[in-house]
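Contents: one structure, followed by commentary.
The values are calculated or read from the model by the stated rules, or taken from the named source; none is laboratory data. Source: prediction; values computed, not measured. Note: ideal-geometry Cβ built from the backbone for every residue, glycine included; neighbour counts use all protein chains shown.
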Amino acid sequence: MSSNDSDQNEMDQNQAPVIDALAEHQKLGRYGFTPPAHRQGRVVDPRVLEVLGEQSFKADVVASSGLDDRKSSNGYLSKAEELLAAAVGADKAFFSTCGSSLSIKAAILAVTRGQGELLISRDAHKSVTSGLVLSGLQPRWIKPRWDNELKMSHPPAPETVEEMWQRYPDASAALIVSPTPYGTCADLEAIAEICHKRGKPLIVDEAWGAQLPFHPDTPTWAMSAGADICVVSVHKMGLGFEQGSIFHLQGDLVDPVRLNQCADVLSTTSANTLIYGAMDGWRRQMVQEGKAMIDKALNLARRVRTDIEAISGLHVLEDELVHEEASHDLDILHVLIDVSQLGISGYQATDWLRENCRIDLGTNDHRRIEAVISISDDDETADRLLSGLRALVDAAPSLPRPPAVVIPDEKDLFLETVMLPRDAFFGPVEVIPVEEARGRIAAEMATPYPPGVPLLLPGERINQAAIDYLRSGVEAGMVLPDPADPTLKTIRVVREEP
């Protein structure tokens, strides 16, 4: 759990300052002639209230001159952040209501001061690329370990990080994703040691790791491994609303004032108190009940993995993800299922389960689907998943054979960065047929989503393998949310002067 148990014991973890303040606000019957204009739902359309609930509007109040006074003198949010930091053993914790996409950008800006180079694992989320576009930084890409058999990447090895530091010793920091959307984990302890011997901070995008500090049998939490900043999405594996994110800080390599101010520069001045309150209440619940809840989820995940593996035509990936030269560890709550033996794609499987079984899945690709077990799941929801998968197996022979997706070889997978992402994104561009894009410099991202790792970034030189993969992927059902033309018949590239 926490390396800071003494601090935790000094603070009353049974309180939830934001939740308690919201309860007091409602008890006192406060009324504000301030935003939000719905005035706690007074004249909201009943059809809206029926769906969203009256209580959600009652809890949606402005943070200062509302929940708190105009000077925020009660410090409800800061107290909630202090309680969380103490609960998990970080020096500081900062709440964000703009998702980990904002938090990771704030971390990047804080450690680099918006200039120079940054070592970044090339399996980073598109929000990291957005941070590069905003900041003007020069990315130095750390190659993940590519598994040619599975056609997927594993987190980069510590040796690769060491090699990148030797090549780019002036970089400001390193940024690693762990766990990945597949649940695979990097050797963060070794990577942190490599960074720290150079006096450089390690940022960990731990969006999928909200539960990690609260149970000893989960993969190592980034702060326990020695990371300087880690960013967590509470909505992914915790019990918060969408957009709820926290970044944790420890050590003296990152200025906490600058980190907070970078977040302030990027974030909204109209933060949603529901998101704050949910994160505050989640922390209290995890301190009180988290280990038992995660115990139950882990046991359920083990059962689900075994039961799915027993279904003919389905295979749950596990040993392949943690063998030598693969991931350092695995979060078994991520149940990654290969459906290729059924003769269908992961895209088809996801669509069929949604349409026919009312089951939604997140991460999917040309041959896999993923079900993520959370602390909210139980035998009933697990059995619903298993029933849906058995029905999918029965239906698979009647589904059309999917078009082949042309996966690049490793040598063609990682493209050459020839311009700063910012310069390519904001500079002169032209729109050309994608068939003519080979050799041109991309001016936009192309990101198979989910999981949201861009294949193509602004500033990278496009090769034929990338074109073939993305075009064949779209034809097979891949979703590309960020190109101006999501069908990728055309693409935005840097304009070349005659």
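As an exercise: evaluate Asp485 against (1) in contact with a Pro (Cβ under 9 Å, 6 or more places away or on another chain); (2) in a loop (DSSP other than H, G, I, E, B); (3) of a type in the set (Asp, Glu) and give the number of the one condition it does not meet.
So the condition that Asp485 fails would be (1).
Out of the residues in segment 414-473 that are in a loop (DSSP other than H, G, I, E, B) and among the β-branched types (Val, Ile, Thr), which is surrounded by the fewest Cβ atoms within 10 Å (Cβ to Cβ)?
By that ranking, first place goes to Val418.
Counting only residues that are outside any loop (DSSP other than H, G, I, E, B) and of a type in the set (S, T, N, Q), which one in segment 166-188 is nearest to Leu137 (Cα to Cα)? Spell out the reasoning first.
Within segment 166-188, the first condition is being outside any loop (DSSP other than H, G, I, E, B), and the residues that meet it are 166-167, 174-177, 184-185, 188.
So of that shortlist, the ones also of a type in the set (S, T, N, Q) come out as 166, 184.
Details: Gln166: 19, Thr184: 27 Å.
Filtering first and then ranking leaves Gln166.
Does at least one position in segment 154-165 carry a residue that is assigned to a strand (DSSP E or B) and either under 19 Å from Ala124 (Cα atoms) or under 14 Å from the mean Cα position of the chain (by Cα) (or both)? Before you say what the answer is, go through the steps one by one.
Applying the first criterion (assigned to a strand (DSSP E or B)) to segment 154-165 yields 154.
When the remaining residues are screened for being either under 19 Å from Ala124 (Cα atoms) or under 14 Å from the mean Cα position of the chain (by Cα) (or both), the result is 154.
Yes: segment 154-165 contains one or more residues that are assigned to a strand (DSSP E or B) and either under 19 Å from Ala124 (Cα atoms) or under 14 Å from the mean Cα position of the chain (by Cα) (or both).
Condition check: at pLDDT below 90, surrounded by fewer than 21 Cβ atoms within 10 Å (Cβ to Cβ) and either touching a Lys or Arg at 6+ places or on another chain (Cβ under 7 Å) or closer than 26 Å to Val88 by Cα (or both). Does Leu266 satisfy that? Give the steps one after another, and end with the answer.
Working: at pLDDT below 90: yes; surrounded by fewer than 21 Cβ atoms within 10 Å (Cβ to Cβ): yes; either touching a Lys or Arg at 6+ places or on another chain (Cβ under 7 Å) or closer than 26 Å to Val88 by Cα (or both): yes.
It is true that Leu266 is at pLDDT below 90, surrounded by fewer than 21 Cβ atoms within 10 Å (Cβ to Cβ) and either touching a Lys or Arg at 6+ places or on another chain (Cβ under 7 Å) or closer than 26 Å to Val88 by Cα (or both).
Please list, ordered by residue number, the strands (runs of 3 or more DSSP E) wholly in segment 201-289 having 2 or more residues that are in the same structural domain as His125 (by TED's automatic domain parsing) and farther than 21 Å from His328 by Cβ. Let's see the steps before the verdict.
Values: elements: 202-205, 229-233, 245-249.
Correct list: 245-249.
When residues of segment 242-263 are filtered for being within 21 Å of Gln55 (Cβ to Cβ) and surrounded by 17 or more Cβ atoms within 10 Å (Cβ to Cβ), how many remain?
Residues that pass the stated criteria total 2.
Among residues belonging to segment 1-28 that are at pLDDT 95 or above and small (Gly, Ala, Ser), point out the one that is farthest from Leu67 (Cα to Cα).
It comes out as Ala16.
List every residue pair whose Cβ atoms lie under 8 Å apart, where the two residues are 6 or more positions apart in sequence or sit on different chains, the first residue falls within segment 57-77 and is on the phi > 0 side of the Ramachandran plot, and the second residue, located anywhere, is of a type in the set (Ser, Thr, Tyr) and assigned to a loop (DSSP other than H, G, I, E, B).
Hits for this filter: Ser65/Thr34.
When you go through Glu320, Glu242 one by one, which is the residue that is within 22 Å of the chain's Cα centre (by Cα) and closer than 28 Å to Val479 by Cβ? Steps first, answer last, please.
On the way: Glu320 fails: within 22 Å of the chain's Cα centre (by Cα).
Glu242 is the lone residue from the list that is within 22 Å of the chain's Cα centre (by Cα) and closer than 28 Å to Val479 by Cβ.
Being farther than 24 Å from Thr184 by Cα and touching a Pro at 6+ places or on another chain (Cβ under 9 Å) is the requirement here; does Gly362 meet it? Spell out the reasoning first.
Details: farther than 24 Å from Thr184 by Cα: no; touching a Pro at 6+ places or on another chain (Cβ under 9 Å): yes.
Against the criterion (farther than 24 Å from Thr184 by Cα and touching a Pro at 6+ places or on another chain (Cβ under 9 Å)), Gly362 does not qualify.
Determine, yes or no, whether Leu389 is more than 18 Å from His215 (Cβ to Cβ) and buried (at least 22 other Cβ atoms within 10 Å of the Cβ).
Working: more than 18 Å from His215 (Cβ to Cβ): yes; buried (at least 22 other Cβ atoms within 10 Å of the Cβ): yes.
Spelling it out, Leu389 is indeed more than 18 Å from His215 (Cβ to Cβ) and buried (at least 22 other Cβ atoms within 10 Å of the Cβ).
Is it the case that some residue within segment 42-63 is in the same structural domain as Leu212 (by TED's automatic domain parsing), touching an Asp or Glu at 6+ places or on another chain (Cβ under 7 Å), surrounded by 14 or more Cβ atoms within 10 Å (Cβ to Cβ) and not basic (Lys, Arg)? Steps first, please.
Residues of segment 42-63 that are in the same structural domain as Leu212 (by TED's automatic domain parsing), as a first pass: 42-63.
With touching an Asp or Glu at 6+ places or on another chain (Cβ under 7 Å) added as a condition, the list becomes none.
Within segment 42-63 (the criterion being in the same structural domain as Leu212 (by TED's automatic domain parsing), touching an Asp or Glu at 6+ places or on another chain (Cβ under 7 Å), surrounded by 14 or more Cβ atoms within 10 Å (Cβ to Cβ) and not basic (Lys, Arg)), the answer is no, since none of the residues qualifies.
With respect to Tyr76, determine if the residue is farther than 30 Å from Tyr449 by Cα, of a type in the set (Phe, Trp, Tyr) and touching a strand residue (DSSP E or B) at 6+ places or on another chain (Cβ under 9 Å).
Here the answer is yes, as Tyr76 does meet what is asked.
If only one of Ala382, Ala391, Ala404 is outside the structural domain of His125 (by TED's automatic domain parsing) and more than 24 Å from Arg303 (Cα to Cα), which one is it?
Numbers: Ala382 fails: more than 24 Å from Arg303 (Cα to Cα); Ala391 fails: more than 24 Å from Arg303 (Cα to Cα).
None of the other options fit; the residue is Ala404.
Among Ser327, Ser267, which is in contact with a His (Cβ under 8 Å, 6 or more places away or on another chain) and over 21 Å from Ile375 (Cα atoms)?
Ser327
Sort out for me the helices (runs of 4 or more DSSP H) sitting completely within segment 315-397 that have 3 or more residues that are under 30 Å from Lys291 (Cα atoms). Before you say what the answer is, go through the steps one by one.
Numbers: elements: 319-322, 346-357, 379-395.
Per the criteria, 319-322, 379-395.
For Ala404, state whether it is small (Gly, Ala, Ser), free of Cβ contacts under 8 Å to residues at least 60 places away in the same chain and over 30 Å from Glu289 (Cα atoms). Write out each step before concluding.
Values: small (Gly, Ala, Ser): yes; free of Cβ contacts under 8 Å to residues at least 60 places away in the same chain: no; over 30 Å from Glu289 (Cα atoms): yes.
It is false that Ala404 is small (Gly, Ala, Ser), free of Cβ contacts under 8 Å to residues at least 60 places away in the same chain and over 30 Å from Glu289 (Cα atoms).
If I filter segment 279-300 for residues that are more than 30 Å from Phe94 (Cβ to Cβ) and in contact with a Gly (Cβ under 9 Å, 6 or more places away or on another chain), do I get at least one hit?
No, that holds for no residue.
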